[in-house]
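A.B. asks: Submitted below is the structure of interest, expressed as structure tokens.
The values are calculated or read from the model by the stated rules, or taken from the named source; none is laboratory data. Being a predicted model, the structure only gives us computed values, none of them experimental. We place every Cβ from the backbone using ideal geometry, glycine too, and count neighbours over all the protein chains shown. Surface areas here come from the heavy atoms of the whole protein model, side chains and all, with no ligands, DNA or RNA. Shrake-Rupley method; radii C 1.70, N 1.55, O 1.52, S 1.80 Å.
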Amino acid sequence: MKKNSTPIVLGLIMLGAVMRVPITAIPPILTDIATGLGVPVSQLGILTSLPLIMFALCSSLAPLLAKKFGNEWLITLVLTTMLLGSVMRIVNLPFLFIGTMLLGAGIAVINVLLPSLVSTYFPKQVGRYTTLYITTMGAMATVGSVVAVPAVSASSWKTFILLLTAVIGLALVVWLPNLSRQSRAKRKKEGVVLPSMWTNKTAWIFLIFGGLQSLIYYTELTWLPTMARTAGLTGSEAGILAGIFSFISIPISMVTPTIVARLKKEERAKVMLGVSSIMVVGLLLILIAPGNFMMWLVIHLLLGASVSVLFPYLMLSLSLKTSTTQATAQLSGMVQTGGYLIAATGPVFLGYSYSRFGSWHPLVLILLLVTLLMMWTIVLIEKKETIA
């Protein structure tokens with residue numbers, strides 16, 4: 001750990017705090033927003049897709065911008081943009097969409113830069129500090145989703161969005177002391193200009209893994225409650241299960257990076273294949289599950305636990321599989337650009353299976369195939385100690 005690391009540690013915590021909650025806290029109050037704006041709630045459906053689209057469009061720009069401005073200044077600009085985008089959302093419908101796009105763009109850049117920041121400031125403690133921001137991200141996302149409806153009931157949807165904006169403002173204030181750091185100059189001293197990651201075959205495999213694990217997560221997040229209700233559970237039961245699916249990520253994300261960082265590549269492959277096998281079991285149970293709450297609780301625990309390990313593994317591997325912070329940023333940008341393009345197709349296209357076939361079984365079978373393909377990419381990724 002470097003001397004006077006408190007500002008960067010606090011900065012990492014606050015960056016984790018704003019990586020998801022400005023977006024994930026909105027779906028529970030879509031009806032309130034629609035009522036307040038005087039529009040059908042169906043017009044707000046795109047709000048769940050816009051961030052993923054912006055993730056895909058903006059992730060590849062992050063390494064280029066970081067090289068020009070430096071990580072510290074770029075994050076300051078990004079947080080300022082997010083602050084503006086968040087407050088814009090309370091104005092009217094067009095500004096709601098524009099503000100969401102600005103938030104998505106900002107989160108995309110932070111997503112890419114965080115692994116590079118951890119590698120720069122804590123090269124020997126990557127697991128610990130990856131755990132720090134991922135745990136904060138999951139905790140804040142869960143808290144935001146839980147308090148959204150009560151907060152809006154007690155005040156208004158605009159007040160709640162202003163509270164979310166205040167969190168971003170706090171993150172900006174906490175981050176400002178880090179502007180005196182000069183990570184850009186250090187990257188220049190590394191000297192070597194790396195070839196494009198897009199010509200690296202293993203990086204492409206990494207991209208596919210990132211896309212497939214994200215596709216699985218967002219598809220399960222979107223459709224598991226509806227699957228449970230179709231099976232015979234009540235709306236409240238499905239809501240409880242959805243909360244459990246998200247909440248389980250908090251304790252798991254607290255231990256996953258530290259454990260995985262200590263493993264050799266062969267051991268990582270075995271552990272991640274075991275985790276993926278848990279997902280396979282959960283998906284198979286959906287095919288035979290009756291309308292029984294306990295059975296669906298087991299399914300949500302299995303699926304929630306598996307996806308809660310896969311994302312920290314992805315973020316940690318961006319640092320573990322690269323030899324310089326510049327390579328980390330390039331790989332992160334590539335993986336998240338292509339990965340979110342893949343992920344964005346899942347909830348939309350796979351969701352049509354029920355209306356087309358009158359059953360969720362085709363979607364589950366596709367997810368099983370996707371999981372098996374993802375498992376194969378893990379084997380290929382862990383054949384090499386470093387990608388670049």
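A.B. asks: Only four residue types carry charge here, +1 at the Cβ of Lys and Arg and -1 at the Cβ of Asp and Glu. Report the dipole size of the chain about the Cα centre in Debye, rounded to the nearest 20. Don't skip to the end; give the middle numbers.
C.D. replies: Details: 26 positive and 9 negative charges, 286 e Å.
In total the dipole reaches around 1380 debye.
A.B. asks: Let me ask another. Where the only charges are on Cβ atoms (+1 Lys, Arg; -1 Asp, Glu), what is the dipole of the stretch 222-358 about its Cα centre, to the nearest 20 debye? It would help to have the intermediate numbers written out before the result.
C.D. replies: On the way: 8 positive and 3 negative charges, 61 e Å.
The calculation lands at about 300 debye.
A.B. asks: For the stretch 1-151, what is the Kirkwood estimate of the hydrodynamic radius, computed as the reciprocal of the mean inverse distance between distinct Cα atoms, to one decimal in Å? Could the numbers behind the result be given before it?
C.D. replies: Values: mean 1/r = 0.0615 Å⁻¹.
About 16.3 Å for the stretch 1-151.
A.B. asks: Suppose the chain between Leu77 and Leu373 were pulled fully straight at 0.36 nm per residue; how much longer would it get relative to their current alpha carbon spacing?
C.D. replies: 102.7 nm
A.B. asks: When a/c is below 1.5 the answer is rounded, else prolate if a/b is larger than b/c, else oblate, so apply that to the stretch 289-373 with a ≥ b ≥ c taken from the square roots of the Cα gyration tensor eigenvalues.
C.D. replies: Since a/c reaches 1.5 but b/c is at least a/b, the shape of the stretch 289-373 is classed as oblate.
A.B. asks: Quick one: 3J(HN,Hα) in Hz for the stretch 256-263, Karplus 6.51/-1.76/1.60 with θ = phi - 60°, rounded, Gly and Pro as x.
C.D. replies: 4, x, 5, 5, 5, 5, 8, 8
A.B. asks: Using only alpha-carbon positions, what ratio does the radius of gyration of the stretch 31-119 give when scaled by 2.2 N^0.38 Å? Show your work: numbers first, answer last.
C.D. replies: Working: Rg = 14.7 Å, N = 89, 2.2 N^0.38 = 12.1 Å.
Output field value: 1.22.
A.B. asks: Calculated FRET efficiency, Ser196 and Leu284, Cβ-Cβ r, R0 35 Å, to nearest 0.05?
C.D. replies: That pair, Ser196 with Leu284, gives E of 0.30.
A.B. asks: Once ligands and nucleic acids are excluded and a 1.4 Å probe is used, how much of Met227 is accessible, expressed in Å² to the nearest 10?
C.D. replies: 10 Å²
A.B. asks: Still on this model: Can you give the Rg to Rh ratio for the chain, taking only C-alpha atoms and Rh from Kirkwood?
C.D. replies: Result: Rg/Rh = 0.96.
A.B. asks: In addition: Straight-line reach from Lys158: which aspartates and glutamates have a Cα under 17 Å away, not including same-chain ones fewer than 8 places off?
C.D. replies: List returned: Asp32.
A.B. asks: Percentage of Cα-Cα pair distances in the stretch 104-254 greater than 21 Å, rounded to whole percent?
C.D. replies: Every Cα pair in the stretch 104-254 considered, those over 21 Å come to 64 percent.
A.B. asks: Among Tyr217, Met14, Thr159, which residue has its Cα positioned farthest towards the positive end of the charge dipole of the chain, with +1 placed on the Cβ of Lys and Arg, -1 on the Cβ of Asp and Glu, and the dipole taken about the Cα centre?
C.D. replies: Met14
A.B. asks: Using θ = phi - 60° and the Karplus curve 6.51 cos²θ - 1.76 cosθ + 1.60, what whole-Hz ³J(HN,Hα) does each residue of the stretch 205-210 get, with Gly and Pro shown as x?
C.D. replies: 5, 4, 4, 4, 4, x
A.B. asks: Order of 371-379, 68-76, 328-336, 205-213 by packing, highest average Cβ count within 10 Å first? Don't jump to the answer; show the numbers that get you there.
C.D. replies: Values: 371-379: 17.1, 68-76: 19.2, 328-336: 27.9, 205-213: 24.6.
Output ranking for 371-379, 68-76, 328-336, 205-213: 328-336, 205-213, 68-76, 371-379.
A.B. asks: Oh, and also: Go ahead and collect, in residue order, the members of the stretch 293-325 whose backbone nitrogen is under 17 Å from a label point 7 Å along the Cα-Cβ direction of Met254.
C.D. replies: Residues 305, 308-309, 312 fall inside that zone.
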